[in-house]
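A.B. asks: Before I ask anything, here is the structure I am working with.
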Amino acid sequence: MSDLKQSVTALAGIGSHTANRLANLGIHIIQDLLFHLPSRYEDRTQVYRIGALQAGMTALIKGKVECTDVLQKGRTSLICKISDGTGFLDLKFFHFSASQQNSLKAGVFISCFAEVRVGYAGLEMVHPEYSVLASMEAPVAEASLTPVYPLTEGLNQAVIRKAVKLALAVCNTQPALLPDWIPAVILQNYHYPDLLTAIHAVHHPQDSQAAAALQAGESPALKRLAFEELLAHHLVLRSARVKSNAWHAPVFVSDAALTAQFLQSLAFSLTGAQQRVIADIEQDFHTGRPMMRLVQGDVGSGKTIVAAYAALLALAAGYQVAVMAPTELLAEQHFKNFSTWFGIFDSNVVFLTGQLKGAARHLVLQHLQDNTANVVIGTHALFQDSVNFAKLGLIIIDEQHRFGVHQRMALREKGQHDGMRPHQLVMTATPIPRTLAMLQYSDLDLSVIDELPPGRTPIVTVVISAERRSEVIERINNWVDHKKQVYWVCTLIEESDALQAEAAEITAQRLAMLLPKVRVGLLHGRMKTAEKNTVMGAFKCQQLDLLVATTVIEVGVDVPNASLMVIENPERLGLSQLHQLRGRVGRGVNDSYCVLMYQAPLSETARLRLGILRDSHDGFVIAEKDLQLRGPGEVMGVRQTGAIQFKVADLRRDSDLLDNIQHAADYFITHTPHAIEPLCERWLGISTDYSEV
Ligand code: ADP
Ligand code: MG
């Protein structure tokens with residue numbers, strides 16, 4: 001064996017059939033087996049006396065078959081009574097073959113492993129694992145606990161145990177294949193075992209105490225592996241940041257006359273927070289290094305105009321700007337806004353999404369390539385290989401949390417050439433608690449828009465049961481009578497666009513029937529761009545009163561006259577997502593309301609969560625509390641395409657490690673920079689290779 005990166009088929013006895021099954025578990029190379037951790041352990045380290053068994057125990061025993069009978073009462077079963085001199089036990093089989101029945105004849109010695117239950121005639125084991133023994137003295141106990149691995153169809157414990165054992169054996173005979181990149185000082189500091197010891201300990205804990213510690217997530221071996229993994233994720237971002245500084249970027253100098261003209265064209269003046277963030281960006285633009293900045297600002301804090309300001313500076317310097325939004329709807333809205341804002345300048349703003357096809361698409365691509373288009377706005381389609389920019393100077397990514405770290409990292413290469421890289425401005429409304437930001441945004445500088453534009457009236461949020469649906473519908477009538485508009489949001493747990501669309505369609509039909517005077521529109525993810533635009537346009541210019549929508553309107557949509565939002569089954573959504581949705585109202589001068597109409601009965605946690613939303617308007621507070629209630633895994637994971645997948649680490653269990661990661665990363669960067677690359681490779685695989693030169 002020369003390498004742990006060889007395919008698992010390099011192990012003796014692992015054929016392509018097993019390899020295919022293992023691949024379903026994400027196990028491709030030998031090293032993957034080492035990090036495929038057991039979900040629990042079975043204790044076969046000691047043989048119990050039958051007389052000492054108690055119901056509920058899972059135990060290994062030995063005994064002699066006293067008699068075997070087939071019972072025809074009720075379900076046919078094979079009952080095999082065994083004893084070891086200290087007591088009797090029944091083995092019960094509902095499925096059995098003739099040969100099995102034959103092999104369990106009186107006088108045969110066997111060992112069994114199963115849970116002990118109280119049966120009809122005393123203690124019993126149902127379908128135990130068993131082996132026939134040569135004698136009562138045959139050794140059957142294992143030296144360490146037996147791992148039970150997560151499985152996939154067509155794979156059984158025996159096969160995967162064998163595969164892992166083989167992989168461990170390779171490491172034992174050739175420890176150099178698995179270098180421990182964590183320096184000894186760090187291991188000592190946190191009382192962590194070395195890598196090989198840790199891997200052995202998680203697969204084959206010595207005793208039940210060690211297994212219990214593993215199960216409780218307190219084992220130093222497990223903690224060490226989780227630590228190493230989290231560190232690798234953090235280091236990928238940190239080193240991306242370091243490497244980014246090796247690139248040059250265009251310098252954009254602010255032209256006072258131009259920016260003044262832009263600001264004067266707006267119907268409002270910038271908030272202090274917006275001005276501060278703009279100053280940060282201007283400073284970045286002067287350095288000659290690629291800006292890597294995250295702008296975090298609550299829903300409605302006015303991030304778009306900040307982005308437009310940055311775009312203007314790039315534009316003035318003769319560079320192109322790409323603005324990426326997570327949904328067509330939002331991209332379309334940005335396109336309209338940017339077109340309006342930049343209409344007063346010599347500019348060409350174009351739109352590009354996956355739905356744009358044929359000649360129209362070709363024309364946009366042409367304009368980007370020959371630099372006749374300055375600003376392009378679109379979805380992730382912007383960054384496909386077929387899109388070539390003549391002079392890309394700035395990439396703006398809106399609602400970054402919808403894209404995920406890896407997608408964002410991959411984007412950096414776009415538009416780089418001759419040691420030059422575009423600047424990047426990343427925007428998000430989802431506040432990520434500090435500890436988690438470390439795993440998502442460590443490559444970025446942070447600016448926060450911590451102030452809402454003046455004159456916003458807080459949204460009154462009410463939590464009510466769907467039993468009061470008719471009252472809510474009645475209220476819509478009233479609302480519309482006052483020339484105000486309404487959103488009705490349908491949610492479904494299923495991620496299926498088709499089901500969501502269907503639910504919204506049905507709701508729209510019903511509401512239209514119940515509210516004959518109200519003009520009802522429908523918006524969902526399955527509609528064509530043109531249809532969506534027509535509906536959105538009609539709602540915006542008040543040709544529609546009520547917009548029934550799926551969560552597609554979650555991000556960005558801006559219709560100030562819509563000041564009432566009803567969200568059906570809010571208990572199904574994450575709090576940050578609900579907060580985002582709610583941010584669609586409260587944008588105008590009217591008092592705004594958000595009705596969270598839940599399906600009774602509501603669980604205790606759900607009740608608490610909706611209460612948090614009712615009582616707070618601060619996205620950061622909401623995210624923190626949601627984090628406490630649900631744990632970071634869920635908060636980060638929910639509906640995030642790019643949520644980080646960990647092999648070992650579990651953010652709910654291991655968040656205590658995060659505080660130490662930063663220190664360890666500092667140490668790596670100063671003392672063992674050569675170890676960063678292989679460590680990241682080990683945990684993140686080839687995906688760490690973002691083609692940094
Ligand atoms: P978000 O931060 O959620 O992306 P937007 O950029 O969509 O927020 O801005 C929300 C609304 O606030 C828009 O209608 C925008 O025109 C308006 N807005 C932005 N900045 C200001 C400001 N300084 N004063 C008043 N309104 C503003
Ligand atoms: Mg926005």
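The values are calculated or read from the model by the stated rules, or taken from the named source; none is laboratory data. These figures come from a predicted structure and were not determined experimentally. Virtual Cβ from ideal backbone geometry, glycine too; neighbours counted across all protein chains shown. Keep in mind that these areas ignore ligands, DNA and RNA; they rest on the heavy atoms of the full protein, side chains included. Shrake-Rupley method; radii C 1.70, N 1.55, O 1.52, S 1.80 Å.
A.B. asks: May I ask you to list the residues in region 317-334 that are within 11 Å of ligand 2 (Cβ to nearest atom), assigned to a helix (DSSP H, G or I) and at pLDDT 90 or above?
C.D. replies: Once the filter is applied, which keeps residues that are within 11 Å of ligand 2 (Cβ to nearest atom), assigned to a helix (DSSP H, G or I) and at pLDDT 90 or above, region 317-334 yields only H334.
A.B. asks: Being more than 8 Å from ligand 1 (Cβ to nearest atom), open to solvent by 20 Å² or more (accessible area, probe 1.4 Å) and assigned to a helix (DSSP H, G or I) is the filter here; which residues of region 285-304 pass it?
C.D. replies: Listed by number, the list holds a single entry, H286.
A.B. asks: Next question. Mind counting the residues in region 285-311 that are within 14 Å of ligand 2 (Cβ to nearest atom) and at positive phi?
C.D. replies: Qualifying residue count for the region: 2.
A.B. asks: Continuing with the same structure: Take region 335-356 and flag every residue that is part of a loop (DSSP other than H, G, I, E, B) and of a type outside the set (A, V, I, L, M, F, W, C). Explain how you work it out, then say what you get.
C.D. replies: Step one: of region 335-356, the residues part of a loop (DSSP other than H, G, I, E, B) are 343-348, 353-356.
The answer is G343, D346, S347, N348, T353, G354, Q355.
A.B. asks: Exactly one of these conditions fails for A267: (1) assigned by TED's automatic domain parsing to the domain that holds K391; (2) open to solvent by less than 10 Å² (accessible area, probe 1.4 Å). Give me its number.
C.D. replies: Exception for A267: condition (2).
A.B. asks: Then there is this: I want to confirm something. Restricting to region 506-528 and keeping residues that are out of contact with any helix residue (DSSP H, G or I) (no Cβ under 8 Å at 6 or more places or on another chain) and open to solvent by less than 80 Å² (accessible area, probe 1.4 Å), which single residue is farthest from L547 (Cα to Cα)?
C.D. replies: Here the answer is I506.
A.B. asks: Residues to consider are A257, A267, A307, A279; find the one that is free of Cβ contacts under 8 Å to residues at least 24 places away in the same chain, near ligand 1 (Cβ under 9 Å from one of its atoms) and of a type in the set (A, V, I, L, M).
C.D. replies: A267
A.B. asks: Further question on the same structure: Does at least one position in region 433-445 carry a residue that is out of contact with any Leu (no Cβ under 7 Å at 6 or more places or on another chain) and within 16 Å of ligand 1 (Cβ to nearest atom)?
C.D. replies: No, because not a single residue in region 433-445 is out of contact with any Leu (no Cβ under 7 Å at 6 or more places or on another chain) and within 16 Å of ligand 1 (Cβ to nearest atom).
A.B. asks: Output the number of the condition that R408 fails; it satisfies all remaining conditions of (1) open to solvent by less than 20 Å² (accessible area, probe 1.4 Å); (2) of a type in the set (D, E, K, R); (3) within 16 Å of ligand 1 (Cβ to nearest atom).
C.D. replies: (3)
A.B. asks: Give the residue that is modelled with the lowest pLDDT, with candidates limited to residues of region 440-479 that are over 14 Å from C594 (Cα atoms) and crowded, with 20+ Cβ neighbours inside 10 Å.
C.D. replies: Q440
A.B. asks: Follow-up. Looking only at residues in region 310-331 that are within 16 Å of ligand 1 (Cβ to nearest atom) and open to solvent by 20 Å² or more (accessible area, probe 1.4 Å), which one is nearest to the chain's Cα centre (by Cα)?
C.D. replies: Step by step, filter region 310-331, then rank; the result is P326.
A.B. asks: Ok, one more. State whether one or more residues within region 423-438 are open to solvent by 30 Å² or more (accessible area, probe 1.4 Å) and either within 16 Å of ligand 2 (Cβ to nearest atom) or under 33 Å from the mean Cα position of the chain (by Cα) (or both).
C.D. replies: Within region 423-438, one or more residues are open to solvent by 30 Å² or more (accessible area, probe 1.4 Å) and either within 16 Å of ligand 2 (Cβ to nearest atom) or under 33 Å from the mean Cα position of the chain (by Cα) (or both).
A.B. asks: Can you find a residue that is within 16 Å of ligand 1 (Cβ to nearest atom), in contact (Cβ under 8 Å) with a residue 24 or more places away in the chain and within 21 Å of the chain's Cα centre (by Cα) anywhere in region 592-609?
C.D. replies: Checked region 592-609: no residue is within 16 Å of ligand 1 (Cβ to nearest atom), in contact (Cβ under 8 Å) with a residue 24 or more places away in the chain and within 21 Å of the chain's Cα centre (by Cα).
A.B. asks: Would you confirm whether or not region 389-399 contains a residue that is acidic (D, E), within 23 Å of D280 (Cα to Cα) and either in contact (Cβ under 8 Å) with a residue 24 or more places away in the chain or buried (at least 22 other Cβ atoms within 10 Å of the Cβ) (or both)?
C.D. replies: Here is the first cut: in region 389-399, the ones acidic (D, E) are 398-399.
Next cut, within 23 Å of D280 (Cα to Cα) only: 398-399.
Narrowing further to those that are either in contact (Cβ under 8 Å) with a residue 24 or more places away in the chain or buried (at least 22 other Cβ atoms within 10 Å of the Cβ) (or both): 398-399.
Yes; the residues of region 389-399 include at least one that is acidic (D, E), within 23 Å of D280 (Cα to Cα) and either in contact (Cβ under 8 Å) with a residue 24 or more places away in the chain or buried (at least 22 other Cβ atoms within 10 Å of the Cβ) (or both).
A.B. asks: Output the residues belonging to region 540-582 that are open to solvent by less than 30 Å² (accessible area, probe 1.4 Å), modelled with pLDDT under 95, within 16 Å of ligand 1 (Cβ to nearest atom) and farther than 23 Å from I397 by Cα.
C.D. replies: A562, S563
A.B. asks: Take A314 and tell me if it is within 14 Å of ligand 2 (Cβ to nearest atom), small (G, A, S) and assigned to a helix (DSSP H, G or I).
C.D. replies: no
A.B. asks: Go through region 195-252 and give me each residue that's closer than 30 Å to Y319 by Cβ and among the β-branched types (V, I, T).
C.D. replies: Once the filter is applied, which keeps residues that are closer than 30 Å to Y319 by Cβ and among the β-branched types (V, I, T), region 195-252 yields V236, V242, V251.
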